[in-house]
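Report on one structure; see the data block that follows.
The values are calculated or read from the model by the stated rules, or taken from the named source; none is laboratory data. Being a predicted model, the structure only gives us computed values, none of them experimental. All Cβ positions, glycine included, derive from the backbone under ideal geometry; neighbour counts span all protein chains shown. For the accessible areas, the whole protein counts, side chains as well, though only heavy atoms, and no ligand, DNA or RNA atoms are used. Shrake-Rupley method; radii C 1.70, N 1.55, O 1.52, S 1.80 Å.
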Amino acid sequence: MTFPVDTSPRFNQFAHGEALVSTEWVDANKGSKGLVIVECDEDILLYSTGHVPGAVKLDWHTELNDQVVRDYLTSEDMAKLLSSKGISREDTIVIYGDKSNWWATYAFWVLKLFGHEDVRIMDGGRAKWIAEGRELSKQTPEVIETSYPVVPRQDEKIRAYKEDVLKHFGKPLIDVRSPQEYSGERTHMPDYPDEGALRGGHIPTAASVPWAKAVNEDQTFRSIDELNQIYRLEAGINDAADVIAYCRIGERSSHTWFVLTYLLGIPKVRNYDGSWTEWGSAVRVPIVKGTEPGSIPQGY
Amino acid sequence: MNAAAKEILDTFSEVPDSSKLELLLEFADSLPELPERYSDHPELLERVEECQSPVYLFVEVDDRVHIYLTAPQEAPTTRGFASILQLALDGQTPSAVLEFEDSFVNALGLTQLVSPLRIRGMHGMLNRIKRQTKEKLNAGNS
């Protein structure tokens, strides 16, 4: 840790509470050397309507993915991107965003693919900052370009591919999409062509836990007792040490990945970013329809 | 394509990609408030389910089409799209609305800058405007 952690007692309950900071903490520490605040929103125009003073914008849609291959940035491109945002390898990065930090945790996960050590989430995100009447700025900060090193991307620890999922049966899988997507009732939106998956349903044995169950109404994370109840008891993770989460393209599931890894402290959690847009179109993979998880398919 | 729609396309094509989002935000800021008869009666409005953020619309048809759209401040992209469609279609004749080219949405040049789901959301708004126009036209004729 390069920057003092937020010692709010509320964060002590979590396995890795140092990955969270409060809005108060950000307000008190913003502008400090070694700390970069990053806003990453689902609605990419929000940053321009006003943001935490000094925060830089990260655009999940145009900046984190390779624009040709369905993959994340290469190490070189990531180094360029972070340099252009004025971020150094030793910096503490605090990310926040709209919609209960949905996209903030996505950016967090992508940064962890590149092993950036000190990344934290502002609990409650943009909505809490605004609800508390804290200062918003429309000024884009002047960034002094850094030279972020080219570091190898390490997928294996926190990213699952389709082949990994096929080998994972028997260990917990969490489907974080809506109940309608889980059951297969909804494969596409009304009046629209299918948005990318040819079949509806879920991966056999996956428990359904829509991602937003992990947050309170004020968009902060739920307490450890509530999270244990939801994930360990209701979804049946119990004491399992190896979990895979998925959604449609891997964004909602990075929120759940964050919760399972940093708040519950499960040792190995991977995000299957191919998710339903890959699985639901792949040839000959097993699928279950309906509200029940289903059993381990024969031959696996 | 009608003059208002053409003007919007021209405005977008004249600015570089790096400024297109700022332009969209200007449209978002200029989305007119709902008239009282709708702001007091939200049940009259139709939810556009294709959009990730709550956006509601209502269409009135006489010899012209009148379009009312609302979306929350915390969803500026959605507001921007609503505002563009409102400007492009409000005050047009019913037949002009029904024949309005769907390609308008893609011609804005925003597809690379916002997510495909958002572009679908805008198509959803346009489809619903057309459907309501058709329904109200049929109701008026029967």
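The rows are residues; the columns are (1) touching an Asp or Glu at 6+ places or on another chain (Cβ under 7 Å); (2) farther than 16 Å from B:L126 by Cβ; (3) at pLDDT 90 or above; (4) open to solvent by 80 Å² or more (accessible area, probe 1.4 Å).
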{"position": "B:P32", "(1), (2), (3), (4)": "no, yes, yes, no"}
{"position": "B:D40", "(1), (2), (3), (4)": "no, yes, no, yes"}
{"position": "B:V48", "(1), (2), (3), (4)": "no, no, no, no"}
{"position": "B:V55", "(1), (2), (3), (4)": "no, no, no, no"}
{"position": "B:D62", "(1), (2), (3), (4)": "no, yes, yes, yes"}
{"position": "B:Y68", "(1), (2), (3), (4)": "no, no, yes, no"}
{"position": "B:A71", "(1), (2), (3), (4)": "no, no, yes, no"}
If A:L136 passes every condition in (1) open to solvent by 10 Å² or more (accessible area, probe 1.4 Å); (2) under 25 Å from A:W211 (Cβ atoms); (3) of a type in the set (A, V, I, L, M) but one, which one does it miss?
(2)
Inside segment A:1-16, the number of residues satisfying the requirement of being part of a helix (DSSP H, G or I) and either β-branched (V, I, T) or closer than 17 Å to A:F258 by Cβ (or both) is 2
Sort through A:A241, A:A212, A:A235 and tell me the only one that's in contact (Cβ under 8 Å) with a residue 40 or more places away in the chain and either more than 14 Å from chain B (Cβ to nearest Cβ) or within 22 Å of A:Y72 (Cβ to Cβ) (or both).
A:A235
Considering each residue of segment B:113-136, count those that are within 9 Å of chain A (Cβ to nearest Cβ), among the polar types (S, T, N, Q) and part of a helix (DSSP H, G or I), and give that number.
1
Filter segment A:247-300 down to residues that are polar (S, T, N, Q) and within 19 Å of A:W211 (Cα to Cα) and give me whichever is farthest from the chain's Cα centre (by Cα).
A:T291
If you scan segment A:76-113, which residues turn out to be closer than 16 Å to A:I158 by Cβ and more than 16 Å from the chain's Cα centre (by Cα)?
A:M78
Take B:L98 and decide whether it is surrounded by fewer than 21 Cβ atoms within 10 Å (Cβ to Cβ) and touching a strand residue (DSSP E or B) at 6+ places or on another chain (Cβ under 7 Å).
no
For segment B:61-111, give me each residue that is away from chain A (no Cβ under 14 Å), among the aromatic types (F, W, Y) and assigned to a helix (DSSP H, G or I).
B:F104
Taking into account only those residues within segment A:236-246 that are over 14 Å from A:R177 (Cα atoms) and part of a strand (DSSP E or B), which is nearest to the chain's Cα centre (by Cα)?
A:V243
Being of a type in the set (G, A, S) and on the phi > 0 side of the Ramachandran plot is true for just one of B:G80, B:G91. Which residue is that?
B:G91
So for segment B:1-19 (the condition being under 19 Å from B:H123 (Cα atoms) and within 14 Å of chain A (Cβ to nearest Cβ)), does at least one residue qualify?
no
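Quick one: is A:R252 crowded, with 16+ Cβ neighbours inside 10 Å, basic (K, R) and either closer than 20 Å to A:Y161 by Cβ or touching a residue at least 12 places away in the same chain (Cβ under 8 Å) (or both)? Lay out the reasoning, then the answer.
On the way: crowded, with 16+ Cβ neighbours inside 10 Å: yes; basic (K, R): yes; either closer than 20 Å to A:Y161 by Cβ or touching a residue at least 12 places away in the same chain (Cβ under 8 Å) (or both): yes.
Yes: the conditions hold for A:R252.
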Go through segment A:132-166 and give me each residue that's free of Cβ contacts under 8 Å to residues at least 40 places away in the same chain and part of a loop (DSSP other than H, G, I, E, B).
A:G133, A:E142, A:E156
Taking segment A:108-140 and keeping only residues that are within 14 Å of chain B (Cβ to nearest Cβ) and among the aromatic types (F, W, Y), one is left with A:W129
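Would you kindly identify the helices (runs of 4 or more DSSP H) lying entirely within segment A:17-123 that contain at least 2 residues that are open to solvent by less than 10 Å² (accessible area, probe 1.4 Å)?
Numbers: elements: A:23-29, A:60-63, A:75-84, A:102-113.
Filter on segment A:17-123 gives A:23-29, A:75-84, A:102-113.
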Just a yes or no: is a residue in segment A:289-299 crowded, with 16+ Cβ neighbours inside 10 Å, touching a residue at least 60 places away in the same chain (Cβ under 8 Å) and among the β-branched types (V, I, T)?
no
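Quick one: would you say A:K99 is more than 20 Å from A:S147 (Cβ to Cβ), of a type in the set (K, R) and without any contact (Cβ under 8 Å) to a residue 40 or more places away in the chain? Steps first, please.
Working: more than 20 Å from A:S147 (Cβ to Cβ): yes; of a type in the set (K, R): yes; without any contact (Cβ under 8 Å) to a residue 40 or more places away in the chain: no.
Answer is no for this residue.
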Checking B:L44 against (1) hydrophobic (A, V, I, L, M, F, W, C); (2) open to solvent by 10 Å² or more (accessible area, probe 1.4 Å); (3) under 27 Å from A:A131 (Cβ atoms), which test does it fail?
(3)
